[in-house]
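In what follows, a single structure is set out as structure tokens and then discussed.
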Amino acid sequence: ATHDFLIKLLLIGDSGVGKSSLLLRFSDDSFSPSFISTVGIDFKLRSIRLGDSMIKLQVWDTAGQERFRTITSSYYRGAMGIMIVYSATDADSFNNVRHWIRNIKEHAAEGVCKILIGNKCDLKEKKVVEASRGQALADEYDMQFYETSAKADINVEDAFFALTEQVLAK
Ligand code: GTP
Ligand code: MG
């Protein structure tokens, strides 16, 4: 099949929030409970159909660890849509969302599409960030918001499709 569009997306957020797991769920429909922290940068491809168009998504997965910040920042420029991910079980990762947004302002193209993701919503008993706080923060920056679980496969596909549709609508 021919691809009408190539869209480049980028995943950012603190280490351990589940960026690679979201991408593995989206690209391969699988999940691994072991934590293999990303070194530098990685990417996966998946083609989707939206209406009459075939869209090839190239999704860049960045390392959350601080020591890779120089290399990961260099990938912001080419991104058409950015997923900012925190974990609903990790208050620090939520508080750092503003820091990630500053990084976008500094390194990404002006007006780049952004979406906020609160991952690990399956861990109800460990949850420390309520969805209402995620939604309020997203509203403040005019972003869409999804609570997801890479593990339980909740809203992962919807979040990627929503960001892609936002990019296409620009
Ligand atoms: P860095 O590569 O270091 O930036 O981390 P990351 O954001 O890519 O995190 P990763 O996807 O490697 O996930 C970290 C840990 O959280 C792993 O042990 C995953 O199995 C687990 N995890 C990821 N998503 C979920 C989820 O939705 N629910 C649960 N219960 N665990 C998850
Ligand atoms: Mg990773």
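A 30 angstrom limit on the alpha carbon distance is what I want to check against. Which of 105/126; 127/170; 44/114; 8/126; 56/120 exceed it? Pairs exceeding the cut-off: 105/126; 127/170; 8/126.
Loop-located trypsin sites (Lys or Arg not before Pro) in region 78-169 (DSSP state other than H, G, I, E, B) with a sparse environment of at most 13 neighbouring Cβ atoms within 10 Å are absent. Where only DSSP H runs of four or more residues are counted, the chain gives -9000 deg cm²/dmol as its mean residue ellipticity at 222 nm, each run worth -39500 (n - 2.57). The GluC sites (Glu not before Pro) of region 41-126 that meet both conditions, a loop assignment by DSSP and at most 14 other Cβ atoms within 10 Å of the site Cβ, are 110.
Per 0.36 nm of contour for each residue apart, how much would the distance between residue 65 and residue 50 grow if the chain were fully extended, relative to their Cα-Cα spacing?
2.0 nm
Rounded, prolate or oblate, given the Cα gyration tensor of region 17-170, with a/c below 1.5 counting as rounded? In terms of gyration-tensor shape, rounded.
Residue separation of residue 6 and residue 77 scaled by 0.36 nm, minus their Cα-Cα distance, works out to 24.0 nm of gained length.
Between region 32-66 and region 121-158, the alpha-carbon centres lie 19 Å apart.
Computing the accessible area with a 1.4 Å probe over protein heavy atoms, can you report the carbon and sulfur percentage for the chain? Don't skip to the end; give the middle numbers.
On the way: 4130 of 8480 Å².
Taking all protein chains in place, the chain shows 49 percent carbon and sulfur surface.
The values are calculated or read from the model by the stated rules, or taken from the named source; none is laboratory data. This is a predicted model, so every value here is computed, not measured. Neighbour counts are summed over all protein chains in view; Cβ atoms, including those assigned to glycine, are modelled from backbone coordinates with ideal geometry. Please note that ligands, DNA and RNA were not included when accessible areas were found on the heavy atoms of the full protein model with its side chains. Shrake-Rupley method; radii C 1.70, N 1.55, O 1.52, S 1.80 Å.
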